[in-house]
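Notes for the one structure printed next.
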Amino acid sequence: MFVDARQLADESVVESGVCIVGAGAAGISLARALAAHHVDVCLVESGGLDPDPAAQSLNEAENVGLPYFPLDANRQRVFGGTTHLWAGWCRPLDAFDLAPRPWVPHSGWPISASDLLPYYQRAHELCELPTCSYDAGDWEHPLDAAPAQSESVISKLYRLSPPTRFGRTYRETLARAANVQVLLHANAMDLEATTDATGIVRLRVGCLSGSRFWVQARHYVLAAGGVENARLLLLSKLGNEHDVVGRYFMEHMHFPAATLLQTMHTPAITSHGKDAHRVATRLALSPSIQKREQLLNHSVMLAPVHWYDRLTHAVARRLARRVHPLQDRLPPAFDPGVAPGRQRAKRWRLHLTFEQTPNAESRVTLGNRCDALGMPRVRLEWRSTPLDRHTAERAPQLIGAELERIGLGRIEPGASLNAWPPAPLQGLRGHHMGTTRMSTDPRHGVVDPQCRVHGIDNLFIAGSSVFPTAGAGAPTLTIVALALRLADHLQTIVTR
């Protein structure tokens, strides 16, 4: 059932078994799974079914760190959350992403890849993908694969969701569920705890119309994203005994690192799988080379760069659709752009994407300005480390050298790294991770391996804010897998 919270009586109380804050990929996945377990759920969403400029303005924030995209542009306050912006890239974390790496400070998850495996299988279904191998060697590639992997450079396969817009795809399922109540235009303001701060009593919710009400539940889950989860804990003065909340903010850094000038036929890096679902391959240095060179995990996408005589880029794309049957189904970055007979030279841009080092000084705090609800806005201080720079310099060098060695072409340097960060260095517009990281030790993290906030019996967190490290893959599939894992845990304790 969907309810416009602006119609609720002022100071009224909504009761439920589990209260979930945020209706994005994590919140919707969690609500669906709990509903199937016959658990009563109240899903609290700041936005409505369609984008609302007034709600979106609550995301405005101050940035005092590295240059970054405005936070009101890469987060969505709407039912479905940031899946409205999602490009659909899916890949599980690599096993070594979850393991401690001595050269990566604060690395290591308190859970293993095997703990996530069954949930990844279920997450594929929610992301409208078949469960199958991510080994590039298991696929047929009618358009050819990425350059053959060697001992140092390997191919990483990614699956491309349609992409699934969770707000549209799962709206009817939640609307029909008798044990789910979705409150729209409802803004979580703060959590009220017991006197000893070991439990949550109720959640205060406000509407931009001016009304206020409460949600009272047995268990609470913050699923509002990598920025807002931390903000809600800071506003509530909870879970921060060791000053960890909001720290370790991570993005995936992304920039054009080099150009491959083709000297022979360069295989396409996008292919069509035998099950008719889209796949893409990227290149990366093997785990052993990453260890030897002390690098962060990463991947390199090869995208063609074309020089045209009289054809504009837009015209070339239209022509490419006629000669490339998959063009309409490929993301813009995978533009073949081939206009037969009109090409002067063929170059392949190496776009490097890599995880950041967990860094306590990269953080989300509360600023001095307030939003329309009277709550302090976010203050983002995005920071980098020498290991980030080392990865940005060394990974493209080694991958480029291998491409040259096997005779694919000549490498030309990309962005200058004489100064850090290079231009154009940028995040990927919304991979917000790490601000409520997972750890067995409350001195080093905010939630335990079950995603429960340390020291608070009935408060949990879902989403990429619990990631201790970012890995090289897009976070959405892991967000959904962790939400399903949390649902199984909550189901066992709610029904006791």
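Brief remarks follow.
- Surface composition of region 450-496: carbon plus sulfur atoms contribute 45% of the solvent-accessible area (1.4 Å probe, protein chains only, all chains present).
- Approximate spin-label separation Glu172-Gln121, in nm, with each point projected 7 Å along Cα-to-Cβ: 2.8 nm
- Estimated inter-spin distance, Leu366 and Phe69, nm [label 7 Å along Cα→Cβ]: 2.8 nm
- Seen from Ala472, the other residues with C-beta closer than 14 Å to its C-beta sum to a net charge of -1, counting Lys and Arg as +1 and Asp and Glu as -1.
- Rounded to whole numbers, the Karplus 3J(HN,Hα) couplings from phi for region 122-133 are 6, 5, 4, 4, 5, 8, 6, 10, x, 7, 7, 5 Hz, using 6.51 cos²θ - 1.76 cosθ + 1.60 with θ = phi - 60°, and x at Gly and Pro.
- Cut-off under 5 Å, modelled amide H: who pairs with Arg349 long-range: Leu260, Ala303, Val305
- Label-to-label distance, nm, for residues given as Ala419 and Asp10 (7 Å Cα→Cβ offset): 5.3 nm
- Heavy-atom accessible surface of Trp86, to the nearest 10 Å², is about 30 Å², with a 1.4 Å probe and all protein chains retained.
- Whole-number accessible area per residue in Å² for region 10-168, which is evaluated in the context of all protein chains at 1.4 Å: 40 Å²
- Karplus (6.51, -1.76, 1.60) ³J(HN,Hα), θ = phi - 60°, over region 453-467, in Hz, Gly and Pro reported as x: 5, 3, x, 10, 5, 10, 10, 10, 10, 10, x, 6, 5, 8, 5
- Length gained when the stretch Glu393-Asp135 is fully extended (0.36 nm per residue, less Cα-Cα span): 90.2 nm
- Relative contact order of region 1-57, pairs being alpha-carbon contacts under 8 Å that are 6 or more residues apart, as %: 33 percent
- Accessible-area composition of region 8-137, carbon plus sulfur, in percent [1.4 Å probe]: 55 percent
- When peptides 96-104, 369-377 are sorted by average Cβ neighbour count within 10 Å, with the highest value leading, the order is 96-104, 369-377.
- HN-Hα J in Hz across region 156-172 - Karplus 6.51, -1.76, 1.60, θ = phi - 60°, x for Gly and Pro: 10, 9, 10, 9, 10, 5, x, x, 6, 8, 4, x, 8, 5, 10, 4, 5
- Theoretical FRET efficiency, 1/(1+(r/R0)^6), r = Cβ-Cβ of Arg212 and Arg410, R0 60 Å, to 0.05: 0.40
The values are calculated or read from the model by the stated rules, or taken from the named source; none is laboratory data. Note that the coordinates shown come from a computational prediction; the quantities given were computed from them, not determined experimentally. Don't worry about glycine lacking a Cβ; one is built from the backbone with ideal geometry, like all the others, and counts go over all protein chains shown. SASA here: full protein model, heavy atoms, side chains in, ligands and nucleic acids out. Shrake-Rupley method; radii C 1.70, N 1.55, O 1.52, S 1.80 Å.
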